[in-house]
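Just below is one structure, and these are the notes that go with it.
The values are calculated or read from the model by the stated rules, or taken from the named source; none is laboratory data. On a predicted model such as this, the values are computed, not experimentally measured, just so you know. All Cβ positions, even for glycine, are placed from backbone atoms using ideal geometry, and neighbour counts span all protein chains on display. These area figures cover heavy atoms from the full protein model, side chains too; ligands, DNA and RNA do not enter into them. Shrake-Rupley method; radii C 1.70, N 1.55, O 1.52, S 1.80 Å.
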Amino acid sequence: MSDPSEHGDPAGATSARSLPGAGLVKGLAVTLKTMTSRSTTQQYPDVAPDLPPRSRGVIALSEENCTVCMLCARECPDWCIYIDSHKEEVAVPGAARPRQRNVLDKFDIDFSLCMYCGICIEVCPFDALYWSPEFEYAEYDIKDLLHDKDHLGQWMATVPPPPAHDPNGEPAKEETAAARKASAARPAPSSVRPEPGADPGPAS
């Protein structure tokens, strides 16, 4: 029989694990600890749960921000987003020909297929999709979990405001671009110095 110390086991570790009833004692200790600790019961639905600030409840749609770019539908791994649109001509004063714009006709999300990964919200370049913490939208019929654009637009009222920017964090890209544009538009100071004894001109 080989020595346990030859295989790297500390002295007595093997014998401690092989004690009869050691597992039972550990299990009873966990049970005793659970029995003596006080349990907290949340009185749902009478008391609303305190959800984390980034809870994923339901997806809300801001229809005026949607440009029908189809990125959300193409990137959805469950193919649960259905979009349909048509083009309209918009006459622009002074333009040689009218421009075309996409008009959203249909924007449906089937929440019976959605796995709440949030990819559609992340890839949307125009902030048309948002997370809402609302989660109480169960239905008796699975077909009622298909929300159209009007139903998705109603969830926008429940979208929480974005958190305040950290003063110690990096500035937003929009702020950096605006500051760079303002500094480029500001005229450069004159590098010509007046000669000694020259009249500086009338004081303003």
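Across the range 58-158, Cα pairs under 8 Å and at least six residues apart give a relative contact order of 39 percent. Kirkwood hydrodynamic radius of the range 58-158, from the reciprocal of the average inverse Cα-Cα distance over all distinct pairs: 14.6 Å. Of the whole protein surface, residue 82 contributes about 80 Å² of accessible area at a 1.4 Å probe radius. Straight-distance candidates among the lysines for linking to residue 143, with alpha-carbon spacing under 18 Å and chain neighbours fewer than 8 residues away dropped: 106.
Provide 140, 44 ordered by accessible surface of protein heavy atoms (probe 1.4 Å), highest first.
Greatest to least solvent exposure: 140, 44.
Of the residues 130, 91, 155, the one whose Cα sits farthest towards the positive end of the charge dipole of the range 58-158 is 91 (charges of +1 on Lys and Arg Cβ, -1 on Asp and Glu Cβ, taken about the Cα centre).
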